[in-house]
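One structure below.
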Amino acid sequence: MTEIAYLNGEFLPLEKAQVSVLDRGFIFGDGVYEVIPVYSRRPFRLPEHLSRLQHSLDAIRLGNPMADADWTRLILELIGRHTGEDQSVYLQITRGVAKRDHAFPKDSKPTVFMMSGPLVTPSKDLVDNGVPCITAIDYRWLKCDVKSVSLLGNCLLRQSAADAGAVEVVLFRDGCLTEASASNVFVVRDGRLLAPPKNHLILPGITYDVVLEIASANGIPLESRIIPEQEVRTAQEIWITSSTKEVLPVTTLDGRPMGEGRPGALFRRIYALYQHYKQTVMRRAA
Ligand code: PDD
């Protein structure tokens with residue numbers, strides 16, 4: 001089946017979509033992106049994704065090539081051109097094509113690219129049994145709040161997890177939890193949900209916000225604060241969250257069981273609330 005992509009103003013088959021080798025996204029990783037989950041053909045939390053996109057564009061000093069209403073229209077059109085009910089929309093904006101020079105070109109036109117594929121959320125087996133993770137030092141740059149396409153640090157870290165047969169790598173900077181290579185991380189201690197604060201050291205996850213909102217609305221005690229490594233290693237539960245993983249329990253960390261080595265009670269509660277929330281939001285949008 002031919003997948004349809006969007007590139008610089010036109011919809012075309014994905015394999016026909018091409019950019020110049022001088023595109024600054026290719027040469028420098030000079031661009032930003034978003035991944036938006038789509039349930040029953042409706043983009044989940046689209047305004048929040050577009051607002052994070054604006055934050056990333058501002059951070060790299062690149063003008064937004066489109067107003068939010070135009071993004072919304074194009075994203076809905078892309079979704080409509082695909083057959084799947086649940087999709088994952090990827091969009092990327094780079095600083096465009098220019099002669100290679102680190103400093104910004106004066107008059108390049110941003111390259112705008114979008115594609116959509118099936119949304120593959122974790123299997124029931126992974127949700128029921130949890131996943132293994134490893135840990136590593138977070139050696140990425142100090143602007144992790146920018147959803148930049150320069151992902152070499154994240155790719156190297158994620159590969160170290162894959163090499164170890166793990167699903168993710170939980171990262172520590174200066175002895176404290178930041179996030180994982182492509183997810184945010186939550187910790188449960190003594191019935192309290194702990195989340196690292198939103199700052200330049202982590203991506204402000206859209207799923208992270210949903211989890212905190214759900215926890216708060218349901219009276220689950222929570223704290224957003226700096227979490228020392230020792231508190232992570234001795235936690236009762238660890239979860240990872242992202243638009244594609246939703247909420248997933250971590251049952252071993254560096255080969256050692258977390259808590260009882262099974263998904264914890266608070267995870268099961270939040271997971272059910274998350275699924276319920278998704279359905280409610282999608283019904284409302286219908
Ligand atoms: N990654 N932290 C990092 C480093 C991420 O790359 C992601 C998402 C998250 C979670 O953010 P959200 O809940 O908004 O998906 C946190 C996406 C899915 C990706 O790069 O494919």
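The values are calculated or read from the model by the stated rules, or taken from the named source; none is laboratory data. Not measured: the values here are computed from a predicted model. Methodologically, a virtual Cβ is constructed for each residue, glycine included, from the backbone with ideal geometry; neighbour enumeration extends over all protein chains shown. Keep in mind that these areas ignore ligands, DNA and RNA; they rest on the heavy atoms of the full protein, side chains included. Shrake-Rupley method; radii C 1.70, N 1.55, O 1.52, S 1.80 Å.
Determine which lysines satisfy two conditions relative to Lys99: a Cα distance under 29 Å, and not lying fewer than 8 residues away in the same chain. Cross-link targets: Lys16, Lys109, Lys143, Lys147.
Near Thr111: Cβ cut-off under 12 Å, other residues only, Lys/Arg at +1 and Asp/Glu at -1. The net charge is +1. Taking R0 as 22 Å, what's the FRET efficiency between Leu151 and Thr72 from their Cβ-Cβ distance, rounded to 0.05? About 0.30, to the nearest 0.05.
Between Ser243 and Thr207, the built amide H atoms are under 5 Å apart, and every one of these is 5 or more places off in sequence or on another chain. Scanning the chain for trypsin sites (Lys or Arg not before Pro) lying in DSSP loops with no more than 15 further Cβ atoms inside 10 Å, the longest uninterrupted stretch between such sites is 144-224.
Put simply, the amide H of Ser181, placed in the peptide plane, has neighbours under 5 Å in Val169, leaving out anything fewer than 5 places away on its chain.
Of all complete DSSP H helices in the chain, not one has a Cα span along the helix axis of 27 Å or greater and a mean Kyte-Doolittle hydropathy of 0.0 or more. Based on the convex hull around the alpha carbon atoms, the chain presents an average projected area of 15.3 nm².
Segment Ile137..Arg100, full-extension length gain: 10.1 nm, with 0.36 nm per residue of separation and the alpha-carbon distance subtracted.
Between His200 and Leu14, the contour length at 0.36 nm per residue exceeds the Cα-Cα span by 63.6 nm.
Taking each residue as 0.36 nm, the span from Leu222 to Met282 lengthens on full extension beyond its C-alpha to C-alpha distance by 19.0 nm.
Ordering His276, His49 by accessible surface, largest first, gives His276, His49; the 1.4 Å probe counts only protein heavy atoms, with every chain in place. Over all other residues within a Cβ to Cβ distance under 14 Å of Asn199, the charged ones net out to +1, with Lys and Arg as +1 and Asp and Glu as -1. Straight-line cross-link reach from Lys124 at under 16 Å between alpha-carbon atoms covers these aspartates and glutamates, not counting any fewer than eight positions away in the same chain: Glu246. Compared with the rule-of-thumb size 2.2 N^0.38 Å for a compact globular protein, the stretch 67-121 has a Cα radius of gyration ratio of 1.48. Here r is the Cβ-Cβ distance between Arg256 and Glu48 and R0 is 45 Å; the resulting FRET efficiency, rounded to 0.05, is 0.80. Here is the list for the stretch 228-286: GluC sites (Glu not before Pro) lying in DSSP coil, each with at most 11 other C-beta atoms within 10 angstrom of its C-beta, are Glu260. Overall, the anisotropy analysis places the stretch 164-286 in the prolate class: the square-rooted eigenvalues a ≥ b ≥ c of its C-alpha gyration tensor yield a/c not less than 1.5, with a/b exceeding b/c. A Förster radius of 35 Å, combined with the Cβ-Cβ distance separating Asp107 from Thr2, puts the computed FRET efficiency at roughly 0.50. With all protein chains in place and ligands, DNA and RNA left out, the 1.4 Å accessible area ranks Asp174, Asp163 as Asp174, Asp163, largest first. With K and R counted +1 and D and E -1, the other residues having a Cβ less than 12 Å from that of Ile270 yield a net charge of -1.
Residue order by solvent-accessible surface for His82, His55 is His55, His82, largest first, with ligands and nucleic acids left out and a 1.4 Å probe. In this structure, the amide hydrogen of Ala5, modeled 1.01 Å from its nitrogen in the peptide plane, lies closer than 5 angstrom to those of Leu12, Leu14, counting only residues at least 5 positions away or on a different chain.
Computing the accessible area with a 1.4 Å probe over protein heavy atoms, can you report the carbon and sulfur percentage for the chain? On the chain, the fraction of accessible area on carbon and sulfur atoms equals 55 percent.
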